[in-house]
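The values are calculated or read from the model by the stated rules, or taken from the named source; none is laboratory data. Everything numeric in this text was worked out from a predicted model, so none of it was measured. Using ideal geometry, Cβ is built from the backbone for each residue, glycine included, and neighbour counts are taken over all protein chains shown.
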Amino acid sequence: MESELLARCRDGDEVAWRELYRAHFPFVWRVARRLGIPDSERGDVCQEVFLVAFRKLGAFRQGRLSTWLYRIAANVCSDRHRRRRLREALLSLWGERPAEKVAPRTPLTDYESREAEAAVGEVLSRMAPKKREVFALYELERLSAEEIAERVGCKLKTVWTRLHYARKDFERIARKRGCVP
C-alpha cells in the first residue's frame with residue numbers, strides 16, 4: 001500500500017501527495033514537538049519537512065517512510081535550533097532579547113546600538129569574505145538560500161556549506177571577543 005502511494009507520488013499525483021501528507025503529518029508534528037520546536041514554529045517546521053521530502057522523494061528507495069521522515073524532521077529541527085541560537089547571539093550583541101519590545105530611543109540606547117553594530121561589524125570583518133557574504137545575506141538580510149545562490153553565482157549546496165561554516169566562525173569569533181558566553 002505505502003509503496004503504491006510512493007510510486008504515485010513519484011509520478012506527480014497530487015492526490016497521492018495529499019494522502020501521504022495527511023497520513024504522516026501527525027507523526028511529523030509529534031516529532032517536532034518532542035524535539036523542542038515551539039508551538040508557534042511547529043507548522044512551519046512540518047511544512048519544511050514535507051517540502052524536503054517532496055524534493056528528495058526520488059532518493060528514497062527502501063526502508064520505512066516514517067523512519068526517513070523522522071530523519072528529515074530531526075535535521076530540520078536541529079537546523080531551526082541552531083538558527084535560533086545564532087539569532088539570539090546576534091541579538092545579544094545588539095543588546096536585545098528576542099521577546100523584548102522596542103524601547104524608546106534615548107542617547108544611551110543609541111550609543112548601545114552603535115556599540116553593538118560596531119561589535120557585529122568587527123566580528124564580520126574577521127570572517128572570510130565568501131562566508132561573510134552568505135552569512136550577512138541569510139542572517140541579516142533574511143534572503144532565502146535560493147536567492148543567495150542566484151545573487152552570488154554559486155550552487156545551493158555551496159550556500160548551505162558556507163552558511164554552516166560561517167555560523168561556526170561567527171560564534172567562535174564573537175566568543176573570543178567576549179561578546180557571547
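Of the residues making up region 10-36, just one is in a helix (DSSP H, G or I), in contact (Cβ under 8 Å) with a residue 24 or more places away in the chain and either exposed (fewer than 14 other Cβ atoms within 10 Å of the Cβ) or not assigned by TED's automatic domain parsing to the domain that holds L65 (or both), namely R10. Taken together, L143, L69, L108 contain a single residue that is touching a helix residue (DSSP H, G or I) at 6+ places or on another chain (Cβ under 6 Å) and at pLDDT below 85, which is L143.
Please verify whether R22 is more than 22 Å from H81 (Cβ to Cβ) and within 25 Å of the chain's Cα centre (by Cα), treating the condition exactly as stated. Answer is yes for this residue. Only one entry of F60, F50 meets the criterion of being of a type outside the set (A, V, I, L, M), farther than 23 Å from R83 by Cα and out of contact with any strand residue (DSSP E or B) (no Cβ under 8 Å at 6 or more places or on another chain), and that entry is F60.
Working only within region 128-181, note down all residues that are surrounded by fewer than 14 Cβ atoms within 10 Å (Cβ to Cβ) and outside any helix (DSSP H, G or I). Listed by number, the residues that qualify are A128, E141, R142, S144, G153, K155, G178, P181.
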